[in-house]
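Engineer: Below you'll find the structure I mean.
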Amino acid sequence: MKKITAAIFIAFLIISINAIAQTFFTRNGRITFFSKAPIENIEANNNEVTSILDTQKGEFVFAVLIKSFKFQKALMEEHFNENYMESNTFPKANFKGTITDLSKINFSKEGYYPVTVKGDLTIHGVTKTIEVPGTITVSQGKINAHSEFSVKVKDYNIKIPAIVINNIAETLDITVDCKYEPYKKN
Amino acid sequence: MSKISVLLISILIILGVGGVIGYKMWNKPFKDPLQGDAIKVTAMLLFNDFSANEAAAQKKYVPEKLGDKKVEVTGEIKDIEKNDDDETYYILKTTDEIFGVKCVMDKGHEITNAKIGNNITVRGFCDGLNSDVIVNRCKPVK
């Protein structure tokens, strides 16, 4: 009886270890947005993006604090938070999606895989389903994810005052870069 | 002096003053975390406050307007890394096994010879909870 109990325990342990190995995490994901407008170009970086990738299900989850976007100028950062993104009311943006062509990827084999990810993007309290192209690179037990796509500010109910309409583009170019490592407890 | 000359000079003065004010506003610097008062807190307490009630902690620690609240965080370094912008950050230990307080240092203000296990105190601006509690644009308190 003791042997059976031990065998069940070991089997459960192996299953748990495998489940953990399928989960990858980063606390240093990077999201950049770029606005090209007639009067000025605006760029901001956020290096505090957290993301989890479940390689078995092909699920991505991203969480972003709006106040962690850093601008070149204080005034831009102030306007971005207070006037456009209303970051006191909507402090986070997030995305939860799935790789639509998961079967193309072998996470246990080094390589470069073009993918499509479909999911729900929430910005400024508004959720929209988006489908974006990206790439996944598997190298030395780590996974890098990259994606470039655009979002229309009006889709997320972000209002740009008429007086600065020429300063901010109606469509923002978003770049996502995440370097994942296996998720493990210290 | 004719009325037209007075009017032109007045317009030039107004434009000049407006231009200077506009230029200064456009180039206003980021607030220095070492200037003025700061909320003094341990990394443990800061993390526990956010874990217990995120909305209340946000009101307490996160600036409503850019730079209008600063935190002075003390804690033990659990990890030292650099991000893609080559900014050094320290993860300060909390009661959580994985997550902590992430203090992203202002470039050029890193702590010399900082090592895992050291106790440090930094001042910066709290962005909120994103798995870790994020404190940005940090400078060391000497």
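Engineer: Between residues in region B:43-55 that are assigned to a helix (DSSP H, G or I) and residues that are open to solvent by 60 Å² or more (accessible area, probe 1.4 Å), which pairs lie under 8 Å by C-beta distance while being six or more apart or on different chains?
Structural biologist: Here the result reads B:Ala43/B:Glu76; B:Ala43/B:Lys93; B:Met44/B:Lys93; B:Met44/B:Thr95; B:Phe47/B:Thr95; B:Asn48/B:Thr95; B:Asp49/B:Lys60, each pair linking region B:43-55 to a residue that is open to solvent by 60 Å² or more (accessible area, probe 1.4 Å).
Engineer: Take B:Thr74 and tell me if it is part of a loop (DSSP other than H, G, I, E, B), polar (S, T, N, Q) and either over 15 Å from the mean Cα position of the chain (by Cα) or more than 14 Å from chain A (Cβ to nearest Cβ) (or both).
Structural biologist: Against the criterion (part of a loop (DSSP other than H, G, I, E, B), polar (S, T, N, Q) and either over 15 Å from the mean Cα position of the chain (by Cα) or more than 14 Å from chain A (Cβ to nearest Cβ) (or both)), B:Thr74 does not qualify.
Engineer: Another question about this same structure. Among the residues of region A:24-78 satisfying the criterion of being touching a strand residue (DSSP E or B) at 6+ places or on another chain (Cβ under 6 Å) and assigned to a loop (DSSP other than H, G, I, E, B), which is least open to solvent (accessible area, probe 1.4 Å)?
Structural biologist: A:Gly58
Engineer: Separate question: Which of the residues that make up region A:33-64 are touching a Phe, Trp or Tyr at 6+ places or on another chain (Cβ under 9 Å), under 19 Å from A:Val151 (Cβ atoms) and of a type outside the set (Gly, Ala, Ser)?
Structural biologist: Correct list: A:Phe33, A:Asn41, A:Ile42, A:Glu43, A:Asn45, A:Asn46, A:Val49, A:Phe60, A:Val61, A:Phe62, A:Val64.
Engineer: All but one of (1) small (Gly, Ala, Ser); (2) more than 10 Å from chain A (Cβ to nearest Cβ); (3) under 28 Å from A:Glu78 (Cβ atoms); (4) in contact with a strand residue (DSSP E or B) (Cβ under 7 Å, 6 or more places away or on another chain) hold for B:Gly108; state the number of the condition that does not hold.
Structural biologist: (4)
Engineer: If I filter region B:115-127 for residues that are in contact with a helix residue (DSSP H, G or I) (Cβ under 6 Å, 6 or more places away or on another chain) and within 12 Å of another protein chain (Cβ to nearest Cβ), do I get at least one hit?
Structural biologist: Yes, because at least one residue in region B:115-127 is in contact with a helix residue (DSSP H, G or I) (Cβ under 6 Å, 6 or more places away or on another chain) and within 12 Å of another protein chain (Cβ to nearest Cβ).
Engineer: If you don't mind, there's one more thing I want to ask. So A:Glu82 fits all but one of (1) surrounded by fewer than 16 Cβ atoms within 10 Å (Cβ to Cβ); (2) in a loop (DSSP other than H, G, I, E, B); (3) within 11 Å of chain B (Cβ to nearest Cβ); what number is the exception?
Structural biologist: Unmet for A:Glu82, out of (1) surrounded by fewer than 16 Cβ atoms within 10 Å (Cβ to Cβ); (2) in a loop (DSSP other than H, G, I, E, B); (3) within 11 Å of chain B (Cβ to nearest Cβ): (2).
Engineer: Give the number of residues within region B:128-142 that are in a strand (DSSP E or B) and more than 14 Å from every other protein chain (Cβ to nearest Cβ).
Structural biologist: Of the residues in region B:128-142, 2 are in a strand (DSSP E or B) and more than 14 Å from every other protein chain (Cβ to nearest Cβ).
Engineer: When the residues of region A:93-111 are narrowed to those that are under 20 Å from B:Leu129 (Cβ atoms) and surrounded by fewer than 19 Cβ atoms within 10 Å (Cβ to Cβ), which ends up farthest from the other protein chains (Cβ to nearest Cβ)?
Structural biologist: A:Lys96
Engineer: Looking at B:Asp37, B:Asp32, B:Asp84 in this structure, which one is assigned to a loop (DSSP other than H, G, I, E, B), within 14 Å of chain A (Cβ to nearest Cβ), charged (D, E, K, R) and open to solvent by 60 Å² or more (accessible area, probe 1.4 Å)? Break it down stepwise before answering.
Structural biologist: Details: B:Asp37 fails: within 14 Å of chain A (Cβ to nearest Cβ); B:Asp32 fails: open to solvent by 60 Å² or more (accessible area, probe 1.4 Å).
Among B:Asp37, B:Asp32, B:Asp84, only B:Asp84 is assigned to a loop (DSSP other than H, G, I, E, B), within 14 Å of chain A (Cβ to nearest Cβ), charged (D, E, K, R) and open to solvent by 60 Å² or more (accessible area, probe 1.4 Å).
The values are calculated or read from the model by the stated rules, or taken from the named source; none is laboratory data. The shown structure was predicted, so the numbers you read here are calculated from the model rather than taken from an experiment. Neighbour counts are summed over all protein chains in view; Cβ atoms, including those assigned to glycine, are modelled from backbone coordinates with ideal geometry. Heavy atoms of the whole protein, side chains included, go into the accessibility calculation; ligands, DNA and RNA do not. Shrake-Rupley method; radii C 1.70, N 1.55, O 1.52, S 1.80 Å.
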